[in-house]
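A.B. asks: Pasting a structure below so you can have a look.
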Amino acid sequence: MDKDAEKIIKEAQEKLENATDLESLDQIYIELFGKNSDLNKLTKKISNLSKEQRPKAGQAINKAKKRLEKLFEETKSKLITYHLSLITSVDVSAPGKKTEIGHLHLVSQAIEEIVEIFSKLGFFLQSYPEIDWDWYAFESLNMPKGHPARDEWETFFIKSPFHPKLGSQVLTPHTSNGQVREMQRLKKPPIRMINIARCYRRQIDVSHTPMFHQFEGLLIDKKVSIPDLKGTFDFFTANFFGPNRQTRLRPHHFRFTEPSFEVDITCDICEGIGCRMCKSGWLELGGAGMVHPKVLSAGNIDPNVYTGFAFGWGIERTISMKTKIPDIRLLYQSDIRFLEQF
Ligand code: FA5
């Protein structure tokens, strides 16, 4: 027994001397004291010895066990001290670590810039819900239930109690839900609102993301006309893109404006030749038009006295036309190599 115990201690010593980290020490602990350890096997052999031999053998094993425990604890504290010395030692000559300074995401930067440009024309920033009632997102905008104009825009409805007038709640597909809300808030024109919010749709490709941002402009006053709308766009595009970009108004149909347009800008990625993003050399940035009399009435504003224009532009596409981003999905991939370029 004595010889066996000695052998176990010798082998343990070698193992412990070779241990370089606390993780390997955990494994050695199992090997020394676990169920399948040599020490345990030796202990089991005691039952095969004669009554006279057993006490001596037991003592030898106990002694060996204590010795092993001591060796193990010594090795463990040596390793801990060594690792602590690595952590706490300071090399004063080592070059300092530069603190990384972040910056606003490109979309947030654009929002700041857009708000600033429109504030010069007297537009005030408002925020309206991005989960809103059906009535604000559709009905008040002259899109009754079941109307095909809703098809592209009926996105994600929320499980919420049904309101007898306002209907159910939906993730807003556009910022136009803010139009009647702003009329209700101010009660009386003049109204000059810019509403910026997240929007949601069932789309994804180079020029569409399921979540995106729009900025919605609404101006209502006496004698507002299409040249005011065009002048506002010209002011915005000159300030945001610089003086050399061209925009055009293309006739379109929205249920909540009459007449309605879509606003295109010359594509900066292909410089007007046509590419994956724009297809034709022009990229659609938003919709616009003169506020429909039914929408004014929904907001309790007399369409015989007041007129107004409204527009809703996509922020991601507007950014892509300024920074030549060929795929707006890049904006939401959180790739630092992309984001730190702006
Ligand atoms: C609208 O959303 C209308 N509410 C705009 C409007 C407001 C018209 C006020 C009249 C008066 P449209 O579905 O065309 O229109 O979207 C407007 C712009 O939002 C698009 O031109 C595009 O720039 C942006 N957009 C739309 N869907 C997406 C999408 N999935 N990803 C990124 N941008 C999008």
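The values are calculated or read from the model by the stated rules, or taken from the named source; none is laboratory data. Because the structure is predicted, anything quoted here is derived from the model rather than measured. So basically every Cβ, Gly included, is an ideal-geometry build from the backbone, and we count neighbours across all protein chains shown. Heads up: the accessible areas ignore ligands, DNA and RNA and are worked out on the full protein's heavy atoms, side chains in. Shrake-Rupley method; radii C 1.70, N 1.55, O 1.52, S 1.80 Å.
A.B. asks: Is the shape of the stretch 35-189 best called rounded, prolate or oblate, per the rule: a/c under 1.5 gives rounded, else a/b larger than b/c gives prolate, else oblate, with a ≥ b ≥ c the square roots of the Cα gyration tensor eigenvalues?
C.D. replies: It is oblate, given that a/c is not under 1.5 and a/b is not larger than b/c.
A.B. asks: What is the distance in Å between the Cα centres of the stretch 107-124 and the stretch 160-198?
C.D. replies: 20 Å
A.B. asks: Please list 307-320, 165-178 highest first by mean number of surrounding beta-carbon atoms within 10 Å per residue.
C.D. replies: Output ranking for 307-320, 165-178: 307-320, 165-178.
A.B. asks: Here's a follow-up. Within the accessible area of the stretch 2-82, what % is carbon and sulfur when the probe is 1.4 Å and the other protein chains stay in place?
C.D. replies: Within the stretch 2-82, the accessible surface is 50 percent carbon and sulfur.
A.B. asks: Also, quick follow-up: Give me the angle, in degrees from 0 to 90, between the Cα long axis of helix 53-88 and the longest principal axis of the Cα atoms of the chain, rounded to the nearest 10.
C.D. replies: Helix 53-88 sits roughly 40 degrees off the main axis of the chain.
A.B. asks: So how much slack lies between residue 48 and residue 205, counting 0.36 nm per residue of separation and subtracting their Cα-Cα distance, in nm?
C.D. replies: Stretched fully, the residue 48-residue 205 segment lengthens by 48.7 nm.
A.B. asks: Students sometimes get this wrong: rank 37, 89 by accessible area, probe 1.4 Å, all chains present, largest first.
C.D. replies: Of 37, 89, the descending order of accessible area is 89, 37.
A.B. asks: Right, something else. Compute the acute angle (0 to 90°) between the alpha-carbon long axis of helix 226-241 and the principal axis of greatest extent of the alpha-carbon atoms of the chain; round to the nearest 10°.
C.D. replies: Taking Cα atoms only, the helix is inclined about 40 degrees.
A.B. asks: Which of rounded, prolate, oblate describes the stretch 106-339, given a ≥ b ≥ c as roots of the alpha-carbon gyration tensor eigenvalues and a/c under 1.5 marking rounded, otherwise prolate only if a/b is larger than b/c?
C.D. replies: Oblate.
A.B. asks: Take the alpha-carbon positions of the stretch 141-246, form their convex hull, and give its projected area averaged over all directions (one quarter of the hull surface) in nm².
C.D. replies: Average projection, Cα convex hull of the stretch 141-246: 9.3 nm².
A.B. asks: Okay, moving on. Would you mind checking 7/56; 15/76; 7/51; 15/44 for any pair whose Cα atoms are more than 19 angstrom apart?
C.D. replies: Cα-Cα > 19 Å for 7/51; 15/44; rest within.
A.B. asks: Pull the list of the chain cysteines that no other Cys approaches to under 4.7 Å, Cβ to Cβ.
C.D. replies: If one checks each Cβ against the other cysteines of the chain, 199 turn up with nothing under 4.7 Å.
A.B. asks: Per residue, how much accessible area does the chain have with a 1.4 Å probe, in Å²?
C.D. replies: Per residue, the chain has 57 Å² of solvent-accessible surface.
A.B. asks: Now, a different point. Quick one: how many Å² of residue 270 are accessible to a 1.4 Å probe, rounded to 10?
C.D. replies: 20 Å²
A.B. asks: Using only Cα atoms, locate the centre of the stretch 208-236 and the centre of the stretch 263-325, then give the distance between them in Å, rounded to an integer.
C.D. replies: Going from one Cα centre to the other spans 7 Å.
A.B. asks: Karplus couplings for the stretch 246-254 from phi (6.51 cos²θ - 1.76 cosθ + 1.60, θ = phi - 60°), rounded to Hz, Gly and Pro as x?
C.D. replies: 9, 10, 9, 9, 10, x, 8, 10, 10
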